[in-house]
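No value in this document is a laboratory result; all are computed from the given coordinates. Since this is a predicted model, take the numbers as computed values, not measurements. Neighbour counts are summed over all protein chains in view; Cβ atoms, including those assigned to glycine, are modelled from backbone coordinates with ideal geometry.
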Amino acid sequence: STQNAGGTAITSVVSLKNTSPVIHRLGVRHVMNSGALCDGVTNDSIAIQAADTLAIIFGDTVIEFPSGSCFIGTTTINMSRGLTYQGQSMDKDRSEITYSGTGSGLRYNESNINSSGYGQVTIRDLVVRHTTASGGSNTGAGIEINAGGFSYFQINRVTVTGAFKYGV
């Protein structure tokens with residue numbers, strides 16, 4: 001406990017679930033620093049999209065996800081060019097993006113038909129999971145990539161599971 005100016009003991013206890021900021025590393029934008037809780041219940045889509053936008057603004061190259069489940073509801077996360085979407089691992093402490101809509105979970109969309117070499121997106125150590133195990137009315141992909149010309153994409157140690165019509 002701490003004492004105030006009058007000598008009275010001040011005791012305060014604050015309990016915040018998954019809200020402590022993650023130490024910023026050069027070039028890495030952690031989704032929890034943009035407000036994502038990744039508790040599997042709270043919709044983290046706005047915070048994840050904000051992390052993507054902030055990474056572009058501040059010149060970061062990695063969007064990092066914590067262990068646990070980042071629920072995005074029915075919102076598709078639009079990935080930006082030049083970024084790596086990085087989870088923690090693919091073992092028991094894996095990072096998961098959980099989607100419940102009828103479209104795609106993650107999407108890269110380049111509308112420029114002659115965009116040779118423009119994509120440059122990496123996704124690694126992530127699980128993209130639809131909340132429905134199988135069947136259902138989903139018409140999208142776990143990871144949707146639309147790019148003209150030739151673009152560079154790396155997808156390493158990624159699992160797409162659940163009721164998506166397409167994996168990648």
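Once the C-beta distance of V168 and V41 is scaled by a Förster radius of 22 Å, the resulting FRET efficiency is 0.25 to the nearest 0.05. Under a 5 Å amide H cut-off, with hydrogens placed 1.01 Å from N, I145 pairs with Y108 among residues at least 5 apart or on other chains.
Site pair K92 and R157 shows an inter-label distance of 1.7 nm when each label is modelled 7 Å from Cα along Cα→Cβ.
Full extension of the chain between I56 and R124 yields a length gain of 22.6 nm, computed as 0.36 nm times the residue separation minus the alpha carbon distance.
The distance separating the Cα centre of segment 27-56 from that of segment 84-98 comes to 14 Å.
Annotation: amide H of T122 within the under-5 Å range of L83, T84, Y85, Q154, sequence separation 5 or more or interchain, hydrogens built in the peptide plane. Evaluating 6.51 cos²θ - 1.76 cosθ + 1.60 at θ = phi - 60° for every residue in segment 88-101, the Karplus couplings come out as 7, 5, 10, 9, 4, 9, 5, 9, 10, 10, 10, 10, 10, x Hz, glycine and proline recorded as x. Close amide-amide hydrogen proximity is noted between V128 and I97, T159, V160, T161, each under 5 Å apart and 5 or more residues distant or on a separate chain (H modeled in the peptide plane; Pro and chain starts excluded).
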